[in-house]
Structures are given as C-alpha cells and as structure tokens.
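The values are calculated or read from the model by the stated rules, or taken from the named source; none is laboratory data. Keep in mind that what you see is a predicted model, and the values were worked out from it rather than measured. Here the Cβ positions follow ideal geometry from the backbone for every residue, glycine too, while neighbour counts run over all protein chains shown.
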Amino acid sequence: MNSDGQPMRQTAPWPVEISQHHSAHPPDRTVAVEAAALNKWFGSFHALKDINLAVPQGSRIVICGPSGSGKSTLIRCANGLETFQGGTIRIGGAELTGDEKQLQKIRRTVGMVFQQFNLFPHLTVMANCTLALRRVLGKSRSEAVGIAVHYLERVRIPEQAHKYPAQLSGGQQQRVAIARALCMNPRIMLFDEPTSSLDPEMVKEVLDVMIDLAADGMTMLCVTHEMGFAREAADQVVFMDQGRIVETASPATFFAAPSQERTRLFLNKMLR
Ligand SMILES: Nc1ncnc2c1ncn2[C@@H]1O[C@H](COP(=O)(O)OP(=O)(O)OP(=O)(O)O)[C@@H](O)[C@H]1O
Ligand SMILES: [Mg+2]
C-alpha cells in the first residue's frame with residue numbers, strides 16, 4: 001500500500017511479441033527506454049547527435065536544455081512518434097523497428113503527456129479516459145469507468161468526470177491528460193513540458209501529481225524546466241544543447257557543481 005492507502009500499482013508485463021526477433025539476446029526488461037547512438041535529421045538539419053540515454057525501470061530522468069536543443073524530438077523518438085536515421089531505440093528491451101503493429105503494442109506500454117493537453121474536445125473527461133480502455137484494451141464499460149474513476153481520484157479531480165475539456169482550467173485539463181495516460185497502466189510515462197503552458201498558479205497542482213507518481217515508483221522521462229521538480233523527484237538530470245547530451249548528473253551535482261561550462265551558463269539563466 002502507498003501513503004494514500006491505495007494499493008500499489010501493478011505494472012503490466014511488456015508485450016511478449018515485441019521481443020521475439022531478439023531471441024538470441026533476451027531483452028533487458030529492466031531498462032524502460034534506451035537510446036544508443038541515436039541520430040536524427042530533419043532534411044539536412046542534424047537534430048539529434050549521437051544520443052545515448054538509458055532510463056532504467058523505476059527511475060526518473062529529467063531532460064532540460066535551451067529551446068531547439070532537441071528535447072521534444074528525443075522524447076518523440078522514444079515513443080515512436082518520430083523516425084530516426086541512425087542508432088537504436090529499445091523500449092522494454094525490444095528494439096523499435098518501425099513496424100506499425102509493433103509500435104501500437106509498444107505505445108500501449110508508454111504513457112505520453114504533452115504541453116498542450118491533447119484531450120478530445122468533443123468527449124467528456126470520463127470518455128477521454130475510457131476511450132482507449134474500451135477500444136484498444138476491449139474493457140467492458142463498467143470496468144473502464146472503474147479504472148478511470150480510480151485515476152481521476154489519483155489526480156484529484158473525480159468530480160470533473162462529466163465535464164468537457166473546455167469547461168476545465170488548464171491545470172485540471174493536464175491532470176485529466178495524466179489520468180488518461182495512467183488508465184492504460186503504462187510501464188513508463190513520458191512528459192514533454194507538461195506545465196509550461198499553464199498559468200503559474202496551476203503549475204503546482206500538476207507538479208504535485210507528478211511528484212506523487214514519482215514517489216509511487218513510476219518510471220518517468222520528463223522534459224521540464226521545473227528545477228524544483230528535478231531536485232525533488234529526479235534520479236538524473238540530462239542537459240541537452242544543439243542536439244547533443246552535454247551533461248548527465250544527479251540533481252545534487254547538476255545544480256551545485258555541473259562539470260560543463262555550457263550547463264553553468266544555462267543554469268545561471270534558469271535559476272536567476
Ligand atoms: N518537423 C520538423 N521539421 C524540421 N525541423 C524540425 C522539426 N521538428 C523540430 N525541428 C527542429 O529540430 C530542432 C529541435 O527541435 P525540438 O522541438 O526537439 O526542440 P526542443 O528542445 O524541444 O525546444 P523547445 O524547448 O522550444 O520545445 C529545432 O531546431 C527545430 O526547429
Ligand atoms: Mg520542445
């Protein structure tokens with residue numbers, strides 16, 4: 001049981017099928033996401049340069065860096081939303097091949113939360129949360145509703161279930177987006193600047209939910225400039241600039257004694 005008296009979440013096993021083509025080397029399921037020598041170009045623009053990054057199951061990794069440094073591109077590659085031209089990405093030990101069926105299976109194990117909440121505007125909060133449970137996982141209506149209620153309680157807005165996204169504040173919409181992702185019982189949650197489009201007074205309510213998730217042991221890869229979150233919840237902070245990982249360090253080292261001048265310059269701006 002966790003501190004709320006809720007049962008600890010049981011993560012689903014990685015889909016068996018995604019590992020079959022690597023039978024000679026059983027997939028390392030202890031690593032949720034791993035990018036190795038990842039290179040990506042948009043046309044002639046080299047957006048990701050030799051990225052090596054492993055997100056062990058149960059860890060929290062925060063990515064930060066200036067605008068245009070490739071943070072979103074990296075996180076989108078990690079979910080199969082972007083193609084790449086060099087290197088490999090493994091999710092739960094299985095290499096992303098670009099095969100659409102494999103991608104669909106893998107995406108069920110990866111929750112994604114974007115800056116713009118990407119809720120379906122014509123569906124209620126409850127319908128947003130139950131849609132994939134019913135259509136993708138084939139749950140009955142009552143089971144799907146039960147799961148959705150559980151996670152809407154988890155993000156502290158069970159009373160909003162009947163509303164449409166436009167009737168909610170930005171912070172509430174983002175919490176619905178998190179609940180919707182959690183409903184699929186993901187093995188890892190990817191966040192791309194989940195609080196950066198929110199009014200300041202709503203940032204905390206979303207960060208509090210994310211800190212709860214971290215405390216529960218959720219594996220998280222999170223692009224954010226919320227340095228308080230990084231200090232409190234991250235195991236590692238990754239600093240990117242111009243398509244490269246410049247520095248990876250524990251939050252304590254990252255903030256107190258970064259090894260790279262480029263990181264220091266960035267932190268001076270951020271923490272001013
Ligand atoms: N679809 C695209 N086509 C061409 N170039 C792109 C595309 N998407 C991103 N880029 C370029 O790749 C680089 C990295 O973009 P990305 O969105 O990953 O940066 P970011 O670090 O997330 O920045 P921000 O902090 O502003 O969100 C930028 O120079 C951007 O212009
Ligand atoms: Mg971005």
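Taken over region 84-108, residues that are part of a loop (DSSP other than H, G, I, E, B), touching a residue at least 24 places away in the same chain (Cβ under 8 Å), out of contact with any strand residue (DSSP E or B) (no Cβ under 7 Å at 6 or more places or on another chain) and not charged (D, E, K, R) amount to 1. Residue pairs whose Cβ atoms lie under 7 Å apart, sitting 6 or more positions apart in sequence or on different chains, and linking a residue in region 163-185 that is farther than 16 Å from Gln115 by Cα to a partner that is among the aliphatic types (A, V, I, L, M) and surrounded by fewer than 18 Cβ atoms within 10 Å (Cβ to Cβ), are Met184/Ala132; Asn185/Ala12.
One residue is enough: does region 155-168 have a residue meeting the conditions closer than 28 Å to Ile61 by Cα and either touching a Pro at 6+ places or on another chain (Cβ under 9 Å) or in a helix (DSSP H, G or I) (or both)? Checked against the condition, which is being closer than 28 Å to Ile61 by Cα and either touching a Pro at 6+ places or on another chain (Cβ under 9 Å) or in a helix (DSSP H, G or I) (or both), region 155-168 yields no hits at all.
Which numbered condition in (1) within 16 Å of ligand 2 (Cβ to nearest atom); (2) of a type in the set (S, T, N, Q); (3) surrounded by fewer than 22 Cβ atoms within 10 Å (Cβ to Cβ) is the only one that Thr195 fails? So the condition that Thr195 fails would be (3). Only one of the numbered conditions (1) within 16 Å of ligand 1 (Cβ to nearest atom); (2) touching a Pro at 6+ places or on another chain (Cβ under 8 Å) is not met by Gln242, and that is (2).
Per the listing Ala54, Ala35, the residue uniquely at pLDDT 95 or above and buried (at least 20 other Cβ atoms within 10 Å of the Cβ) is Ala35. Would you confirm whether any residue within region 172-182 is over 14 Å from the mean Cα position of the chain (by Cα), at pLDDT below 95 and not β-branched (Val, Ile, Thr)? No - not one qualifying residue is present in region 172-182.
Can you tell me which residues in region 198-248 are of a type outside the set (A, V, I, L, M) and either within 16 Å of ligand 2 (Cβ to nearest atom) or in contact with a Cys (Cβ under 9 Å, 6 or more places away or on another chain) (or both)? Steps first, please.
Of all residues in region 198-248, those of a type outside the set (A, V, I, L, M) come to 199-201, 204-205, 208, 212, 216-217, 219, 222, 224-226, 228-229, 231-232, 235-236, 239, 241-244, 247-248.
Listed by number, the residues that qualify are Cys222, Thr224, His225, Glu226, Phe229, Phe239, Asp241, Gln242, Gly243, Arg244.
Does region 101-117 contain any residue that is at pLDDT below 90, more than 16 Å from ligand 2 (Cβ to nearest atom), of a type in the set (S, T, N, Q) and under 17 Å from the mean Cα position of the chain (by Cα)? Within region 101-117, one or more residues are at pLDDT below 90, more than 16 Å from ligand 2 (Cβ to nearest atom), of a type in the set (S, T, N, Q) and under 17 Å from the mean Cα position of the chain (by Cα).
Of the residues contained in region 257-270, none is found to be within 16 Å of ligand 1 (Cβ to nearest atom), at pLDDT 95 or above, under 21 Å from Ala47 (Cβ atoms) and not in a helix (DSSP H, G or I).
Contact map, region 191-215: first residue at positive phi, second residue surrounded by 16 or more Cβ atoms within 10 Å (Cβ to Cβ) and among the aliphatic types (A, V, I, L, M), Cβ cut-off under 6 Å, separation 6 or more or different chains; pairs are Glu193/Val223. For region 62-72, the criterion of being of a type in the set (Lys, Arg), assigned to a helix (DSSP H, G or I), within 16 Å of ligand 2 (Cβ to nearest atom) and closer than 30 Å to Phe255 by Cα is satisfied by at least one residue.
Residues in region 65-83 that are buried (at least 23 other Cβ atoms within 10 Å of the Cβ) and more than 9 Å from ligand 1 (Cβ to nearest atom): Cys77, Ala78.
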